Amino acid sequence: MTQLDFPLGNGHRHTSWSATRDAALRQLNTFAPRAGEKYARTRNHDRGPGNRLNVSALSPWIRHRVLLEEDVLTHVFARHSPQTAEKFIQEVVWRGYFKGWLEHRPFVWHQYKDELNRLTDGLGADRKLMKRFATATSGQTGIACFDAWSHELIETGYLHNHARMWFASIWIYTLGLPWQLGADFFYRHLLDGDPASNTLSWRWVGGLHTRGKTYLARPDNIARYTVGRFPLERGLAKTAPPLEEPPPGAPMPVRPADQIAEPVRCVLLVSEEDCHPESWAVHPAEPVAVVGLALTANRSPMPTSPTVRAFAEAAVSGAVTRAAEWYKCPDKGVLPSQDWPEALTALAKRAGADTIVTAYTPVGPVQDAMTAADADLGRQGIRMRQLRRRYDDLVWPHATAGFFKVKAKIPDILRGLGVLAGTT
Ligand SMILES: Cc1cc2nc3c(=O)[nH]c(=O)nc-3n(C[C@H](O)[C@H](O)[C@H](O)COP(=O)(O)OP(=O)(O)OC[C@H]3O[C@@H](n4cnc5c(N)ncnc54)[C@H](O)[C@@H]3O)c2cc1C
């Protein structure tokens, strides 16, 4: 398995974003002592790529479920009370909230994709838009902070949360660029790029998520929270009027997950959506082979960054190796990203399995690809079973409106997970 290292910039010379679970657990152990009052007090400061000690920098692993929310919460509660770590826990749960919200409104994703395709198709013909877009994405706008964040994103695959907010706000309100192109730029370059957290955060900045409530990047706020790295930026927009779009409508029921009732021979399919197959509720199915699938190219009509591709591929192949050991099935491999349903069918037939077991694929490009493949697999007599995690079952039902509804349920969610000492 390839070991890929990306600069983590957490002040330690030897730490880096490697896609392995060991690396993720090391970073979790390093960060956990700081997840309490220190995190709450300092988390909003973006001290620059060389210093990420005030945040966890765990998002690339959490996003691919190399690290589970339960892992993070258990480690944090070993050192802090729920009260002391309240702010950090809320941030961890924001991810589940966004995932659940999009599960209830998949059309918001499809609308984003359609509009993005329309915009990218039209870029060649609209030279002015193309020029402004190229200037922004190559960090040549002349707005020092924005240009620095463009470079940092491309080079490291990470931006601090506050920088993401300022960046999105300047993109929309100062540069007047379509939010979908900005969301796509992030999604192609972030190691933690996620269809829910990314799309909905961009919508939040533009006033489409919390209707009418927008986020304005202010020069004094940037100067203060970048600890003087970007003193009073000139020329930033002074107002942030909400973007307009018809309301997304009422939440739909979440797509049902599958259960495994009988002891069937199965192939485990590990995608970049969930790289911890050891904890899937596979029983009573009997895995006879494990395969991986990374579909990072499906994120965008434009090329996904090599750094992002390499991280996701390494996360998937690491998970395949661990799963093959865990389930004792030596038959393992990685599927090609083109024509993968055919390769998967051939492998299942060779292994004498008519069932594919995978993690529930949430709304996004991997789900789009799995849905498109489902009918073909069915015609070959192969059925796919998607297992949903308890964490998602506990969080998603409350993610129908604003975050406050989920926040109020955090004590129940933690009890339901059994991550607090003395609970089950
Ligand atoms: C425009 C924009 C785009 C974003 N795109 C993504 C994305 O594609 N993927 C992604 O994981 N996060 C995204 N975020 C949320 C947030 O910026 C990152 O999760 C966070 O910066 C990751 O750094 P960290 O691990 O050090 O976070 P910490 O502050 O240490 O938080 C711990 C964990 O909580 C979760 N989390 C924290 N803040 C948020 C948040 N606001 N929304 C959702 N989850 C959160 C992450 O899993 C994170 O690893 C976006 C935010 C904005 C404003």
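Once you have a ≥ b ≥ c as the square roots of the Cα gyration tensor eigenvalues for the range 115-225, tell me rounded if a/c is under 1.5, and otherwise prolate or oblate according to whether a/b is larger than b/c. The shape class here is rounded.
Shape analysis of the range 192-288 places it in the oblate category; the axes a ≥ b ≥ c from the Cα gyration tensor give an a/c of at least 1.5, with a/b not above b/c. By the rule of a C-alpha distance below 16 Å, with chain neighbours fewer than 8 residues away ignored, the lysines paired with Lys38 are Lys87.
When the listed pairs Lys113/Lys332; Lys113/Lys407; Lys213/Lys405 are checked against a 23 Å cut-off, the alpha-carbon distance exceeds it for Lys113/Lys332; Lys113/Lys407. Most mobile of Arg118, Arg229, Arg95 per a Gaussian network model of the chain (Cα springs, under 10 Å)? Taking springs between Cα atoms under 10 Å, the residue moving most is Arg118.
Reported to the nearest whole Å, the Cα centre-to-centre distance from the range 36-71 to the range 342-356 is 40. Seen against the Cα atoms of the chain and their longest principal axis, helix 340-351 is set at about 30 degrees. Hey, in the GNM for the chain with a 10 angstrom Cα cutoff, which one of Asp147, Asp339, Asp194 fluctuates hardest? Comparing Asp147, Asp339, Asp194 in the GNM, the peak value goes to Asp339. Considering helices alone, the calculated mean residue ellipticity of the chain at 222 nm is -14000 deg cm²/dmol, with DSSP H runs of length four and up weighted by -39500 (n - 2.57) and normalised per residue.
For a test of the definition: using alpha carbon positions, the gyration tensor, and the 1.5 limit on a/c, classify the range 313-370 as rounded, prolate or oblate. Judged from the Cα gyration tensor, the range 313-370 comes out oblate (a/c at least 1.5, b/c at or above a/b). The mean sequence distance of close C-alpha pairs (under 8 Å, at least 6 residues apart), as a share of the length of the chain, puts its relative contact order at 18 percent.
Reported to the nearest whole Å, the Cα centre-to-centre distance from the range 80-153 to the range 199-226 is 12. Only Cα pairs under 8 Å and 6+ residues apart enter the sum, and on that basis the relative contact order of the range 115-225 stands at 22 percent.
When ranked by the protection proxy of mean other Cβ atoms within 10 Å per residue, highest first, what sequence do the peptides 323-329, 166-172, 34-40, 177-183 form? Walk me through the numbers before you get to the answer.
On the way: 323-329: 16.9, 166-172: 25.9, 34-40: 18.6, 177-183: 21.1.
Ranked from most to least packed, the peptides come out as 166-172, 177-183, 34-40, 323-329.
Partner aspartates and glutamates whose Cα lies under 20 Å from the Cα of Lys409, excluding those fewer than 8 positions away in the same chain, are identified as Glu69, Glu70, Asp71, Glu86, Glu91, Glu103, Asp392, Asp393. Sorting 308-315, 123-130 by average packing, meaning the other beta carbons within 10 Å per residue, from highest down gives 308-315, 123-130.
Throughout, read-outs are computed from the coordinates displayed, never taken from laboratory work. Everything quoted here is computed from the prediction, not taken from an experiment. Counting neighbours? That spans all protein chains shown, and the Cβs are built from the backbone with ideal geometry, glycine included.
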